[in-house]
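Asks: This is the structure I have questions about; it appears just below.
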Amino acid sequence: MQKLKKIISNYMKVISLIIVVFIIIIVTVFNVINAKRLANEKAYEMFSRIENVLDGNKKDLKDVQQEYRDTCLNNARSIAYIIQYHPSVLDSVEEQKKIASFIEVDEIHIFDKTGTIINGTHPEYYHLTFDSGEQIAFFKPLLQNKNLELCQDVTPNTAENKLMQYSALWSENKKFIVQVGMEPINVMKATEKNELSYIFSLLRINAGASFYAIDKDSHKIVGATSTKYIGKDVKKLGMNLHDIKTKGQGFHAVIDGIKSYCVFTEIDNNYVCRVISDKELYQRIPENIMTLAVCLLIISIILVKSVTWYMNKYVVTGIYDINENLREISKGNLNVNIHVDNSVEFLELSQHINDMKDSILSNTKKMSYVLSKTNMSMGIYEYNPHMKKVFTSDSLASIFSLDSQQLESITSNQIYFKKFIDNLRIHKVNDEKNIYEINNHKYIKIEEIEENHDVFGVVIDMSQEIIKRRKIEVERDFDKLTNIYNRRGFENQLQKILEEKDIGYCALIIIDADDLKLINDQFGHEKGDLYLTQIAEMLSSFPSIKHIVGRMGGDEFVLFLHHYQSEKELLDMIKDLEYIQNHSFAVLDEQLSVPLLFSFGYCFYDKTIPYQDQLKIADDKMYKNKHQRKSMER
C-alpha cells in the first residue's frame, strides 16, 4: 500500500496532465474556428467595399464629387486599418508616403485623442490641432463622437492655402484619428479606374490574401490581384465551380498549388473570391498554443508541488501526531479524537482503535443507541462541570469540517467548546429548527439536552437532505428543456423584484418563436427543441444585465426588463431586441443553419394595472408583430 504523500502526488500529476491536454485541445479548436470566422468577416467586409466602389463607378459625372468623398473615407479606413495592425509604419515617414502613394492620397495625418497631429507624411504639420484654423476645425466633432466619419469639401488647407479635400475618422480600436488629404485631380483619376483588378489592388491590405473575379457565364477570370491569371479558366487556378456555387460561407481548396481558404460572393455577373493561404490563416495558432502549453505546464508543476507540500505539512504530519495520541487512548485517555481512512498511516490508526476498544466501553452504549436511531452522518459530545475537556465521537471533526488539531483545541476546555457552538448558532437556517450552516452548503443539526448540569449533544449532518430539498425546488422552478425559469419560477422571481421599493422603468415582453412547426415538420422535433433552446440562450444572453427570462410553455417566452433610468434607455434595449430579431441564426447541426425567427410585443410595466392584463397587452402586440412579419414575407 502506497503512502498518502505518494498517492496525492501521483493523482495530482495525472489530473494536471489531463487538464492541460484538454485545455490545449479546446483552445486549438477555438482558434481554428475563430480564424475562419475572422477570415469570413474580413472577406465580406472586402466584398462590401468592392460593391461600394463598383456602385460608385456606375454613377454619372454629376456624382463624382460624392464618389470622391466616399473614396476619401475608404482611403482613411484603409490607412487606419494598416496603421492599427501594422503600427511599425509610423516609425518611417517614407513608409507612410509609400502607403499614401499606393492608396493615392497626397497627405496622411495621424491625430492623437486630444486632436493633435503626432505623425504623418508631412512632418511640418506636426503639432497642429483642431483649433489651429478654420479648415482643420471642421473635424473637431470627432473628439466628441468617435463613430463620426467626416469628409470635407474642397478647401484651402491651413498651412499652405492649397486646395485639398480632407477626410478623417477614428481607427477601429479608437486609439487615433486618421486624416487623409487629396488634390482634386486625383478624384478624376480614381473614377477612371474601375477595373476589378485595380479595385482589388486598392483593397489588398493583407499581403497573404488574393482576390479573384470570375465571370459567371464564361467561367473566365476577369480580375485578379495577380494579372497573370486574367483571361484564364477558373479550373487553371484550381477552383471548383461547384464549390463556388455551394460553399460561399468558406471552404478549403488548393489554389495555384497552395492550400488556401476561400470565401465567395456574387457581385453583378461575377463571382468574387477572397483567397488566403492556410499558412497565413493559421500562422499565429502554433505560437499561441505553444505559449499556452508552456504556461499551463509551469502552472501545473507549481500546483502539484504546492498541493503536495501542503498535504504533507497539514495532513501527513497531522496523521503522525494522531497516531501518537492514539497510544494515549489505548492507555485510557478518551479525550483524543480519532480519524480513519485508507492509507499506510491510517492503517496504523485502525490498529490503535482496536487497542482502545476496552477503554471506551462506558461510552459505546450511548453512541450505539444514538447511531442506531438514524442512518445519517452524526456525532455526539458530552461534558459536565467536573470535566475540563469535552468528550466527542470521532465523526464530529468531519461533520464540523475541522482537522484533528482544531477539534482538539476547541474540546480541550469546555468554555472554548461552548463558544464554538454559540458561534455556529448565529448562522441559523431560516425556517429550519436547530439547523445551522457551516462553510458553504454544509448544514448541521444540533440537539442538546441538559440534566443535572450534564450536557449531552447530538450533531447530525443534514447537508444531503437540505441540498436535495433545494434541488427539488430548483427543478420545480426551471424549464428542463431550455434551463431557464418556467412560468412558476419566472413569476416567483418577478414578484421578488416588484416587492422592491424602486424598480425604475420596466417592460414586460412576450416572445413567440416563428416557424417552429415548419422546423418540426422539415427537420424533426429534436431540431425544433434545439431551435427553442437557442431562442432561450439568445434571450438569456440579452445585452441587458437587468432582466429575467422565462418560458411560459410551448414556443412562448417572457422577458422582463427592470431598473432602467429612463423610458428612452428602455426603448433602446427593445430596439436591440428588434435588431436581434432580424439578424440571428440557429445552428441546428454542423451543416444546418436557419434564421432564428421570433415575434414579440411589449408593455411598459405599470403597477396600477394587474399583471395578467399587462401580459394580455404585450401578447396582443406580439400577435400584431407576427402578423406584420408574415405579411412582409408574403
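The values are calculated or read from the model by the stated rules, or taken from the named source; none is laboratory data. Please read these numbers as outputs of a predicted model, since none were measured by experiment. Cβ: placed from backbone, ideal geometry, glycine included. Neighbour counts: every protein chain shown.
Asks: Please work out if residue 83 is assigned to a strand (DSSP E or B), under 41 Å from the mean Cα position of the chain (by Cα) and not hydroxyl-bearing (Ser, Thr, Tyr). Before the answer, list the steps.
Replies: Working: assigned to a strand (DSSP E or B): no; under 41 Å from the mean Cα position of the chain (by Cα): yes; not hydroxyl-bearing (Ser, Thr, Tyr): yes.
No: the conditions fail for residue 83.
Asks: Separate question: Going through 617, 580 one at a time, which residue ends up being under 24 Å from the mean Cα position of the chain (by Cα) and either assigned by TED's automatic domain parsing to the domain that holds residue 492 or within 20 Å of residue 492 (Cβ to Cβ) (or both)?
Replies: Among 617, 580, only 580 is under 24 Å from the mean Cα position of the chain (by Cα) and either assigned by TED's automatic domain parsing to the domain that holds residue 492 or within 20 Å of residue 492 (Cβ to Cβ) (or both).
Residue-wise test of (1) touching a residue at least 40 places away in the same chain (Cβ under 8 Å); (2) at negative phi; (3) not aliphatic (A, V, I, L, M).
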{"site": "486", "(1), (2), (3)": "yes, yes, yes"}
{"site": "497", "(1), (2), (3)": "yes, yes, no"}
{"site": "512", "(1), (2), (3)": "yes, yes, yes"}
{"site": "516", "(1), (2), (3)": "no, yes, no"}
{"site": "520", "(1), (2), (3)": "no, yes, yes"}
{"site": "536", "(1), (2), (3)": "yes, yes, no"}
{"site": "554", "(1), (2), (3)": "no, no, yes"}
{"site": "572", "(1), (2), (3)": "no, yes, yes"}
{"site": "593", "(1), (2), (3)": "no, yes, yes"}
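Asks: List the number of the failed condition for residue 260; all other conditions in (1) over 22 Å from residue 49 (Cβ atoms); (2) modelled with pLDDT of 85 or more; (3) among the small types (Gly, Ala, Ser) hold.
Replies: (1)
Asks: Picking from 237, 281, which residue would you name as being aliphatic (A, V, I, L, M), closer than 14 Å to residue 39 by Cα and at pLDDT below 85? Steps first, answer last, please.
Replies: Working: 237 fails: closer than 14 Å to residue 39 by Cα.
Answer to the check: 281.
Asks: Quick check on residue 563: is it at positive phi and within 26 Å of the chain's Cα centre (by Cα)?
Replies: Working: at positive phi: yes; within 26 Å of the chain's Cα centre (by Cα): yes.
For residue 563, the condition - at positive phi and within 26 Å of the chain's Cα centre (by Cα) - is met.
Asks: Please determine, by comparing only the residues of the stretch 147-165 that are at pLDDT below 90 and not polar (S, T, N, Q), which one is surrounded by the most Cβ atoms within 10 Å (Cβ to Cβ). Give the steps one after another, and end with the answer.
Replies: Residues of the stretch 147-165 at pLDDT below 90: 152-165.
Okay, now just the ones that are also not polar (S, T, N, Q), so 153-154, 156, 159-160, 162-164.
Details: 153: 9, 154: 14, 156: 13, 159: 16, 160: 11, 162: 13, 163: 12, 164: 21.
Top of the filtered list is 164.
Asks: Given the condition modelled with pLDDT of 85 or more, within 34 Å of the chain's Cα centre (by Cα) and exposed (fewer than 15 other Cβ atoms within 10 Å of the Cβ), answer yes or no: does some residue in the stretch 504-519 qualify?
Replies: Yes, because at least one residue in the stretch 504-519 is modelled with pLDDT of 85 or more, within 34 Å of the chain's Cα centre (by Cα) and exposed (fewer than 15 other Cβ atoms within 10 Å of the Cβ).
Asks: Can you find, within the stretch 595-610, the residue that is surrounded by the fewest Cβ atoms within 10 Å (Cβ to Cβ) among those that are within 17 Å of residue 562 (Cα to Cα) and in contact (Cβ under 8 Å) with a residue 60 or more places away in the chain?
Replies: Of everything passing the filter in the stretch 595-610, 607 is surrounded by the fewest Cβ atoms within 10 Å (Cβ to Cβ).
Asks: Quick one: is residue 116 touching a Ser or Thr at 6+ places or on another chain (Cβ under 9 Å) and buried (at least 20 other Cβ atoms within 10 Å of the Cβ)?
Replies: Numbers: touching a Ser or Thr at 6+ places or on another chain (Cβ under 9 Å): yes; buried (at least 20 other Cβ atoms within 10 Å of the Cβ): no.
Answer is no for this residue.
Asks: Pick from the stretch 12-27 the residues that are surrounded by 13 or more Cβ atoms within 10 Å (Cβ to Cβ) and over 17 Å from the mean Cα position of the chain (by Cα): which of them is nearest to residue 288 (Cα to Cα)?
Replies: Start the filter on the stretch 12-27 by keeping residues that are surrounded by 13 or more Cβ atoms within 10 Å (Cβ to Cβ), which leaves 12-13, 15-17, 19-20, 23-24, 27.
Retained after the next criterion (residues that are over 17 Å from the mean Cα position of the chain (by Cα)): 12-13, 15-17, 19-20, 24.
Values: 12: 25, 13: 24, 15: 23, 16: 20, 17: 19, 19: 17, 20: 14, 24: 10 Å.
Among them, the one singled out is 24.
Asks: Hand me the list of strands (runs of 3 or more DSSP E) wholly inside the stretch 525-634 holding 2 or more residues that are of a type in the set (A, V, I, L, M, F, W, C) and within 17 Å of residue 504 (Cα to Cα). Even if it seems obvious, please write down each step before you answer.
Replies: Working: elements: 547-553, 556-564, 585-589, 592-595, 598-604.
It comes to 556-564, 598-604.
Asks: Then there's this: Take the conditions among the hydroxyl-bearing types (Ser, Thr, Tyr), touching a His at 6+ places or on another chain (Cβ under 9 Å) and more than 23 Å from residue 531 (Cβ to Cβ) and apply them to residue 611. Does it pass? Spell out how you get there, then give the answer.
Replies: Values: among the hydroxyl-bearing types (Ser, Thr, Tyr): yes; touching a His at 6+ places or on another chain (Cβ under 9 Å): no; more than 23 Å from residue 531 (Cβ to Cβ): yes.
Here the answer is no, as residue 611 does not meet what is asked.
Asks: Continuing with the same structure: So, residue 140, is that one outside any loop (DSSP other than H, G, I, E, B), surrounded by fewer than 16 Cβ atoms within 10 Å (Cβ to Cβ) and charged (D, E, K, R) or not?
Replies: Numbers: outside any loop (DSSP other than H, G, I, E, B): yes; surrounded by fewer than 16 Cβ atoms within 10 Å (Cβ to Cβ): yes; charged (D, E, K, R): yes.
Criteria met by residue 140.
Asks: Okay, next question. Please go through the stretch 196-219 and pick out each residue that is in a loop (DSSP other than H, G, I, E, B) and either among the charged types (D, E, K, R) or at pLDDT below 80 (or both).
Replies: Initially, the stretch 196-219 is screened for residues in a loop (DSSP other than H, G, I, E, B), giving 204-208, 216-219.
Listed by number, the residues that qualify are 204, 205, 206, 207, 208, 216, 217.
Quick grid of which residues meet (1) among the aliphatic types (A, V, I, L, M); (2) touching a Leu at 6+ places or on another chain (Cβ under 8 Å):
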| position | (1), (2) |
| --- | --- |
| 438 | yes, yes |
| 442 | no, no |
| 459 | yes, yes |
| 483 | no, no |
| 488 | no, no |
| 492 | no, no |
| 503 | yes, no |
| 527 | no, yes |
| 538 | yes, yes |
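Asks: Just checking, how many residues over the stretch 452-479 are within 33 Å of the chain's Cα centre (by Cα) and not hydrophobic (A, V, I, L, M, F, W, C)?
Replies: Applying the first criterion (within 33 Å of the chain's Cα centre (by Cα)) to the stretch 452-479 yields 463-464, 466-479.
Next, from what is left, pick out any that are not hydrophobic (A, V, I, L, M, F, W, C): 463-464, 468-471, 473, 475-477, 479.
Residues in the stretch 452-479 being within 33 Å of the chain's Cα centre (by Cα) and not hydrophobic (A, V, I, L, M, F, W, C): 11 in total.
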